[in-house]
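Student: Take a look at this one; I'll ask things after.
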Amino acid sequence: MNIVVCVKYVPDATGDRRFEADNTVDRVGVDGLLSELDEYAVEQALQVKEKAGDDTEVTVLTVGPEKAADAIRKALQMGADKGVHVVDDAVEGSDALATSLVLASAVQRTGFDLVVCGMASTDGGMGVVPAMLSERLGVPGTTLASAIEVDGGTVKIRRDGDTATVTVEGRLPLVLSVTDQTGEARYPSFKGIMAAKKKPVETWSLADLGVDAAQVGLDAAYTSVLSAEARPPRTAGEIVKDEDGSGAQALVEFLASKKFV
Amino acid sequence: MSEVLVLVDHVGGTVRKTTNEMLTIARRLGEPAAVFIGQLSDEAAAALKSYGAEKIYVVDPVAVGPYLVTPKAEVLAQLVGSASPAAVLLSSSAEGKEIAARLAVKTDSGIITDAVDVESSEDGTPVTTQSVFAGGFTVKAKVTRGTPVIAVKPNSAAPEAVDGAGTVENVSVTISDAAKGAQMTGVEPKKASGRPELTEAAIVVSGGRGTGGNFEPVEQLADALGAAVGASRAAVDSGWYPHTFQVGQTGKVVSPQLYMANGISGAIQHRAGMQTSKTIVAVNKDEEAPIFELVDFGVVGDLHTVLPAVTEEVTKRKG
Ligand SMILES: Cc1cc2nc3c(=O)[nH]c(=O)nc-3n(C[C@H](O)[C@H](O)[C@H](O)COP(=O)(O)OP(=O)(O)OC[C@H]3O[C@@H](n4cnc5c(N)ncnc54)[C@H](O)[C@@H]3O)c2cc1C
Ligand SMILES: Nc1ncnc2c1ncn2[C@@H]1O[C@H](COP(=O)(O)O)[C@@H](O)[C@H]1O
């Protein structure tokens, strides 16, 4: 089986995240890493491979700047077999539609039975790329799985909705996205880190994929950001220490002053 | 005036409040036209009409079948083709966003998700407001190509009751074979908590690792205030509270009038889910906890003694 895991290189959420002058997210001047939510996708892909126990191959695919190679390396260290990095200056500023277009072309080029995505990228966070990918590839999509089971040509997932838990079944080839409920992702072992150094990573440009540069990037975006403003920091409120019930009393007074009681 | 399609968010035929909010927003942009996929009852029709729906497109659920979300996107794509609407509004739930994503690809249109407000610009195109980077930035944006597809978060508008014509139009759709690739094979409804829905609630009372696994004080205060209960991921991962109630980056994003964080440290991923709340209150025994940086009022103390005392006093005052 051919598994492709789509992973994104994102600015570190614990660091400083900011916008550039053109209202795009600054992805170069800040520290980045493999989106934590995509680690769950890598983990599930590796588990499917291990369970299959055959010649199943896991390819990690990312679309992003030079530094995004770090995200691929981490996934290879975790145990993926090879990497594909689509890097092209024209891609900068792409929206989800353009990103999904590039991903779809790349996935078609690698060939696939199963595409595994994360639930959302920790920066943009729209969580729409997997559905777009399924739509563009013309294959079924089973998104937001909290548990998965691949058995022969069938994929079974559990999806925890607000009003119900549903089970969904689809046949390969398909696109899957997994949530952080699927279970802790593994840490790279020392052996994994050494092995990753020898794993092949291909670098593709848009031309390699036959994607017209005019279809991607900021100029091709289907949406335009009019303004991005930092929210004024919340002004520090009143903090009281509880002593013999005084805290509860003060809290109730506060709630009453705001008309919540 | 062009129609603005609103995909009706309903549970088993009962229209949800988010739909009324979207109909209210739709009226700012054009003529609200509700799209109801399911068995339309008289009550549901009346509800849609009373929030300004001029038209109600009804799609027989049998056509859509057990095939998850793809057919719903096909329904909307067909309506976009025939009605040429000014915009399509859907609720920004997991399902709504997926339908929106597919619709955007099908109709070659721009998409905006998680909108917390939508206004009409001078030329009539919708301008959305979103809150990004854990609520740290407010972004205004618009769709520049195709039919704007906008997924709207709960509580984005105060629903305004106005009478619409509510003309019912049955639409027949053909669902492609491609849309039938993923099928629901089992549905296990969740037990209703009897409390307000988390993302819609005016007050949310949350508990974290500091509860030590005992959510009783949190639930009792929530009930005294008529609030929804939320939880941090630490509490969810420990198995103390179901994942449906998780607040944060990988859970629900809430923006209530009042958010109470109890025994929650205030990690960035938790903040991402509650930072835009109007008023924030915290009870935490560690005065250094980062949550205190964003509160309007904080109590340094043990939640196991503070919360029951608050509950008792609130109950007394409410008489
Ligand atoms: C990719 C990713 C996604 C994530 N998504 C989410 C998410 O959606 N939601 C989320 O919440 N987290 C999320 N997290 C986890 C987040 O980083 C924190 O680990 C989590 O929020 C911590 O929960 P907590 O505040 O309950 O626990 P802790 O950080 O352990 O804090 C417990 C607090 O309780 C206080 N306390 C202890 N005992 C008492 C007492 N008796 N009375 C009063 N106070 C007491 C302590 O002083 C402490 O401040 C995510 C993490 C990652 C990496
Ligand atoms: N630039 C990218 N390169 C590779 N995969 C991506 C990229 N952007 C998004 N994805 C995948 O799509 C998922 C959802 O992303 P998003 O829609 O941006 O929230 C992520 O978890 C990834 O699996």
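Student: Being within 14 Å of another protein chain (Cβ to nearest Cβ), open to solvent by 20 Å² or more (accessible area, probe 1.4 Å), over 20 Å from B:Gln275 (Cβ atoms) and not hydroxyl-bearing (Ser, Thr, Tyr) is the filter here, so list the residues in the stretch B:128-163 that pass it. Explain how you work it out, then say what you get.
Tutor: Here is the first cut: in the stretch B:128-163, the ones within 14 Å of another protein chain (Cβ to nearest Cβ) are B:128-154.
Retained after the next criterion (residues that are open to solvent by 20 Å² or more (accessible area, probe 1.4 Å)): B:130-133, B:136-138, B:140, B:142, B:144-147, B:153-154.
When the remaining residues are screened for being over 20 Å from B:Gln275 (Cβ atoms), the result is B:142, B:144-147.
Scanning the stretch B:128-163 gives B:Lys142, B:Arg145, B:Gly146.
Student: Kindly indicate which of B:Tyr259, B:Tyr241 is among the aromatic types (Phe, Trp, Tyr), in contact with a strand residue (DSSP E or B) (Cβ under 7 Å, 6 or more places away or on another chain), open to solvent by 10 Å² or more (accessible area, probe 1.4 Å) and over 20 Å from A:Ala145 (Cβ atoms).
Tutor: Numbers: B:Tyr259 fails: open to solvent by 10 Å² or more (accessible area, probe 1.4 Å).
After ruling out the rest, the residue left standing is B:Tyr241.
Student: Residues in the stretch A:125-148 that are away from ligand 2 (no atom under 13 Å from the Cβ), within 7 Å of chain B (Cβ to nearest Cβ) and open to solvent by less than 40 Å² (accessible area, probe 1.4 Å): how many?
Tutor: Total meeting the criteria: 3.
Student: Cβ-Cβ under 8 Å, sequence separation 6+ or interchain: first residue in the stretch A:34-56 and among the aromatic types (Phe, Trp, Tyr), partner not in a helix (DSSP H, G or I). Which pairs?
Tutor: These pairs meet every condition: A:Tyr40/A:Gly118; A:Tyr40/A:Met119; A:Tyr40/A:Val178; A:Tyr40/A:Thr179; A:Tyr40/A:Gly183; A:Tyr40/A:Ala185.
Student: Continuing with the same structure: Could you identify the single residue in A:Lys199, A:Lys241 that is touching an Asp or Glu at 6+ places or on another chain (Cβ under 9 Å), open to solvent by 30 Å² or more (accessible area, probe 1.4 Å), at pLDDT 95 or above and within 7 Å of chain B (Cβ to nearest Cβ)?
Tutor: Values: A:Lys199 fails: within 7 Å of chain B (Cβ to nearest Cβ).
The unique qualifying residue is A:Lys241.
Student: Of the residues B:Gly210, B:Gly166, which is at pLDDT 95 or above, closer than 30 Å to B:Gln257 by Cβ and open to solvent by less than 80 Å² (accessible area, probe 1.4 Å)? Outline the logic, then answer.
Tutor: Numbers: B:Gly166 fails: closer than 30 Å to B:Gln257 by Cβ.
Matching residue, one of B:Gly210, B:Gly166: B:Gly210.
Student: Still on this structure, I have one more. With B:Ala235, B:Ala309, B:Ala282 as the choices, which residue is assigned to a strand (DSSP E or B) and either free of Cβ contacts under 8 Å to residues at least 12 places away in the same chain or within 10 Å of ligand 1 (Cβ to nearest atom) (or both)?
Tutor: B:Ala282
Student: Here's a follow-up. Of all residues being in a loop (DSSP other than H, G, I, E, B) and within 12 Å of another protein chain (Cβ to nearest Cβ) in the stretch A:83-120, which is farthest from A:Val150 (Cα to Cα)? Just the residue, please. Full working, then the answer.
Tutor: Here is the first cut: in the stretch A:83-120, the ones in a loop (DSSP other than H, G, I, E, B) are A:87-88, A:92-95, A:111-113, A:119-120.
With within 12 Å of another protein chain (Cβ to nearest Cβ) added as a condition, the list becomes A:95, A:119-120.
Numbers: A:Asp95: 31, A:Met119: 18, A:Ala120: 22 Å.
Across the stretch A:83-120, the extreme among qualifying residues is A:Asp95.
Student: Report, by residue number, each residue of the stretch B:268-299 that is within 11 Å of chain A (Cβ to nearest Cβ) and at pLDDT below 95.
Tutor: B:Ile268, B:Gln269, B:Arg271, B:Ala272, B:Gln275, B:Thr276, B:Ser277, B:Lys278, B:Glu293, B:Leu294 - these are the residues of the stretch B:268-299 that are within 11 Å of chain A (Cβ to nearest Cβ) and at pLDDT below 95.
Rundown of residues vs (1) under 30 Å from A:Ile148 (Cβ atoms); (2) touching a Lys or Arg at 6+ places or on another chain (Cβ under 7 Å), yes/no style:
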position	(1), (2)
A:Glu202	yes, no
A:Ala221	no, no
A:Ser227	no, yes
A:Asp244	no, no
A:Val261	no, yes
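Student: If you go through the stretch B:224-235 one residue at a time, do you hit one that is more than 16 Å from ligand 2 (Cβ to nearest atom), at pLDDT below 95 and more than 26 Å from A:Asp244 (Cβ to Cβ)?
Tutor: To start, the set of residues in the stretch B:224-235 that are more than 16 Å from ligand 2 (Cβ to nearest atom) comprises B:224-235.
Imposing the further condition that a residue be at pLDDT below 95 reduces the set to none.
Looking for residues that are more than 16 Å from ligand 2 (Cβ to nearest atom), at pLDDT below 95 and more than 26 Å from A:Asp244 (Cβ to Cβ), one finds none in the stretch B:224-235, hence no.
Student: Follow-up question, since we're still on this one. Limited to the stretch B:296-306, what total is found for residues that are not small (Gly, Ala, Ser) and not in a helix (DSSP H, G or I)?
Tutor: The first filter runs over the stretch B:296-306 and keeps only residues not small (Gly, Ala, Ser), leaving B:296-297, B:299-300, B:302-306.
Retained after the next criterion (residues that are not in a helix (DSSP H, G or I)): B:296-297, B:299-300, B:302.
Within the stretch B:296-306, residues that are not small (Gly, Ala, Ser) and not in a helix (DSSP H, G or I) number 5.
Student: I would also like to ask the following. Give me the pairs: first residue in the stretch B:220-231 and in contact (Cβ under 8 Å) with a residue 60 or more places away in the chain and surrounded by 24 or more Cβ atoms within 10 Å (Cβ to Cβ), second residue hydroxyl-bearing (Ser, Thr, Tyr) and assigned to a helix (DSSP H, G or I), beta-carbon distance under 9 Å, and six or more apart or on different chains, which are they?
Tutor: B:Leu221/B:Thr311
Student: Next question. Looking at the stretch B:115-127, which of its residues are open to solvent by less than 50 Å² (accessible area, probe 1.4 Å) and among the hydrophobic types (A, V, I, L, M, F, W, C)? Before the answer, list the steps.
Tutor: First pass over the stretch B:115-127, keeping only residues open to solvent by less than 50 Å² (accessible area, probe 1.4 Å): B:115, B:117-118, B:121, B:124-127.
Correct list: B:Ala115, B:Val118, B:Val127.
Student: Quick check, is B:Asp302 within 9 Å of chain A (Cβ to nearest Cβ) and within 13 Å of ligand 1 (Cβ to nearest atom)?
Tutor: yes
Student: If the requirement is being more than 16 Å from ligand 1 (Cβ to nearest atom), among the hydrophobic types (A, V, I, L, M, F, W, C) and open to solvent by less than 10 Å² (accessible area, probe 1.4 Å), which of these qualifies: A:Ala104, A:Ala90?
Tutor: A:Ala104 is the lone residue from the list that is more than 16 Å from ligand 1 (Cβ to nearest atom), among the hydrophobic types (A, V, I, L, M, F, W, C) and open to solvent by less than 10 Å² (accessible area, probe 1.4 Å).
Student: Turning to a different aspect of this structure: With the condition being of a type in the set (A, V, I, L, M, F, W, C) and in contact (Cβ under 8 Å) with a residue 60 or more places away in the chain, I'd like the strands (runs of 3 or more DSSP E) fully within the stretch A:155-261 carrying at least 1 qualifying residues.
Tutor: Numbers: elements: A:164-171, A:174-178, A:201-204, A:223-230, A:238-241.
Correct list: A:174-178, A:201-204, A:223-230.
Student: Continuing with the same structure: So is B:Gly248 crowded, with 19+ Cβ neighbours inside 10 Å, under 16 Å from the mean Cα position of the chain (by Cα), more than 30 Å from B:Gln78 (Cβ to Cβ) and within 16 Å of ligand 2 (Cβ to nearest atom) or not? Before you say what the answer is, go through the steps one by one.
Tutor: Values: crowded, with 19+ Cβ neighbours inside 10 Å: yes; under 16 Å from the mean Cα position of the chain (by Cα): yes; more than 30 Å from B:Gln78 (Cβ to Cβ): yes; within 16 Å of ligand 2 (Cβ to nearest atom): yes.
Judged against the criteria, B:Gly248 is a match.
Student: Of all residues in the stretch B:239-279, which are of a type in the set (Ser, Thr, Tyr) and either more than 7 Å from ligand 1 (Cβ to nearest atom) or touching a residue at least 40 places away in the same chain (Cβ under 8 Å) (or both)? Give the derivation first.
Tutor: As a first pass, look at the stretch B:239-279 and keep what is of a type in the set (Ser, Thr, Tyr): B:241, B:244, B:250, B:255, B:259, B:265, B:276-277, B:279.
B:Tyr241, B:Thr244, B:Ser255, B:Tyr259, B:Ser265, B:Thr276, B:Ser277, B:Thr279 - these are the residues of the stretch B:239-279 that are of a type in the set (Ser, Thr, Tyr) and either more than 7 Å from ligand 1 (Cβ to nearest atom) or touching a residue at least 40 places away in the same chain (Cβ under 8 Å) (or both).
Student: Could you tell me whether any residue of the stretch A:91-109 is among the polar types (S, T, N, Q) and more than 11 Å from ligand 2 (Cβ to nearest atom)? Can you show your working first?
Tutor: Looking only at the stretch A:91-109, we keep the residues that are among the polar types (S, T, N, Q), and these are A:94, A:99-100, A:105, A:108.
Keeping just the survivors that are more than 11 Å from ligand 2 (Cβ to nearest atom) gives A:105, A:108.
Yes: one or more hits.
Student: I would also like to ask the following. What residue, of A:Ala80, A:Ala75, is buried (at least 24 other Cβ atoms within 10 Å of the Cβ), touching a helix residue (DSSP H, G or I) at 6+ places or on another chain (Cβ under 9 Å) and part of a loop (DSSP other than H, G, I, E, B)?
Tutor: On the way: A:Ala75 fails: part of a loop (DSSP other than H, G, I, E, B).
None of the others qualify; the one that does is A:Ala80.
Student: Now for a separate question. Any residue that is within 16 Å of ligand 1 (Cβ to nearest atom) and out of contact with any Leu (no Cβ under 7 Å at 6 or more places or on another chain) - is there at least one of those in the stretch A:145-159? Walk me through it before giving the result.
Tutor: Narrowing the stretch A:145-159 to residues within 16 Å of ligand 1 (Cβ to nearest atom): A:146.
Retained after the next criterion (residues that are out of contact with any Leu (no Cβ under 7 Å at 6 or more places or on another chain)): A:146.
Yes, the stretch A:145-159 contains at least one residue that is within 16 Å of ligand 1 (Cβ to nearest atom) and out of contact with any Leu (no Cβ under 7 Å at 6 or more places or on another chain).
Student: Something else about it: Just give me the residues in the stretch A:122-154 being touching a strand residue (DSSP E or B) at 6+ places or on another chain (Cβ under 9 Å) and in a strand (DSSP E or B), in sequence order.
Tutor: Hits for the stretch A:122-154 are A:Gly141, A:Thr142, A:Thr143, A:Leu144, A:Ala145, A:Ala147, A:Ile148, A:Glu149, A:Val150, A:Thr154.
The values are calculated or read from the model by the stated rules, or taken from the named source; none is laboratory data. Since we're looking at a predicted model, the values are computed, not measured. Positions of Cβ are generated from backbone atoms using ideal geometry, with glycine treated the same way; all protein chains shown enter the neighbour counts. Heavy atoms of the whole protein, side chains included, go into the accessibility calculation; ligands, DNA and RNA do not. Shrake-Rupley method; radii C 1.70, N 1.55, O 1.52, S 1.80 Å.
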